[in-house]
Amino acid sequence: MRLRLDLAYDGSDFHGWAAQPGLRTVQGELGAALATVLRVPAVEVVCAGRTDAGVHARGQVVHLDLPVGAPDLDDEAVARLARRVNGVLDPDVRVRGVRVAPPGFDARFGALWRRYAYRVADTPGSVDPLTRGHVLTWPRPLDEALMNAAAAELVGRHDFASFCKRREGATTIRTLLDLAWERRPDGVLEATVRADAFCHSMVRALVGCLLAVGEGRRPVAWAAERLAAAERDPSVAVVHAHGLTLEEVAYPPDDELAARAEQTRAKRVAGE
């Protein structure tokens, strides 16, 4: 049986998603809690987006296959699983729902897109001490019109090597579906960033580039110029992790899940 879990967490005290010996990670904590509840030695969990240290999630999606030795779960037991696992987990990570995954579901390879938000407080009136762990405080005012003009040139299918931390043999070609800024009623600037997938540090580097444009240090054309260069430039800052939240992951209809996962997996293998 494969289960889908919908997950939220405050990334402040985690060393990212991926399990690492001796470090507190979301994958490590969730796997251990599930193992305790299911009374098995270990549980392997796969996520839709491997968040970095300090990054938060409101819409993370995870799948797991019940390991050998786990009890059979009927519909009632599946429905109770979220409450039981949350009783073991610390309060900074919550399972928001559990369901039996439809055939062909894969949290990572089956996703159509991931949507992140990055939040910035750039005026004294928009800085809220109660949200300081989730919103970046910026010392200078930002012009969202300039930032949106620069962002528009980055949308589409491109090689985002200029905004990614390279992994040997991995592709940096991604399709950026949305990148836009909006000022909320409370004055906080919020970026919506949506793509088929993201490479390491991509969102935070894109935001760092656009902040430089928004405060007038760089012209609007600079973002497109950095993209065209297709190589990391130290002048493009990677902003702090705490302003970033994984908000949503989308999947195709159930009858298209297997085909989507197969297509994505083949593409990743060819690209990596």
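Cα-Cα pairs above 22 Å in segment 2-100: how many percent?
20
Could you compute the net charge surrounding D10? Neighbours are other residues with a C-beta less than 15 Å from the C-beta of D10; K and R count +1, D and E count -1.
Its environment carries a net charge of 0.
By how many nm would the segment from T192 to D178 grow when fully extended, if each residue of separation counts as 0.36 nm and the alpha-carbon distance is taken off?
Length gained, T192 through D178: 4.4 nm.
Lys and Arg at +1, Asp and Glu at -1: add these up for the other residues within a Cβ distance under 10 Å of S162 and post the number.
Result for the local shell: -2.
Please report, in whole Å³, the volume per residue of the convex hull around the C-alpha atoms of segment 113-250.
It is 101 Å³ per residue.
Which distance in Å, rounded to a whole number, links the C-alpha centroids of segment 191-262 and segment 1-78?
25
Let me check against my output: what whole-number percent is the relative contact order of the chain, with C-alpha pairs under 8 Å and at least 6 apart?
24
Between K165 and A230, with labels modelled 7 Å along Cα→Cβ, what's the label distance in nm to one decimal, could you check?
With each label placed 7 Å out from Cα toward Cβ, I get 2.4 nm.
If you check each cysteine of the chain for another cysteine whose beta-carbon is under 4.7 Å away, which ones come up empty?
C47, C209
Between D92 and R58, 0.36 nm times their residue separation minus their Cα-Cα distance comes to what?
Between D92 and R58, full extension yields 11.1 nm more.
Do the sum for the chain: with -39,500 (n - 2.57) for every DSSP H run of n ≥ 4, divided by all residues, what is the mean residue ellipticity at 222 nm, to the nearest 500 deg cm²/dmol?
-8000 deg cm²/dmol
Calculate, in nm to one decimal, what M1 and A266 gain on full extension: separation in residues at 0.36 nm each, minus their alpha carbon distance.
93.0 nm
Roughly what percent of Cα-Cα pairs across the chain reach past 31 Å?
It works out to 30 percent of all Cα pairs.
What trypsin sites (Lys or Arg not before Pro) does segment 168-272 have in DSSP loop regions with at most 15 other beta carbons within 10 Å?
R217
All of the numbers you see were taken from the coordinates with simple rules; none came from a lab. Remember, predicted model here, so these are calculated numbers, not experimental data. Please note: Cβ atoms are built from the backbone with ideal geometry, for glycine as well, and neighbour counts cover all protein chains shown.
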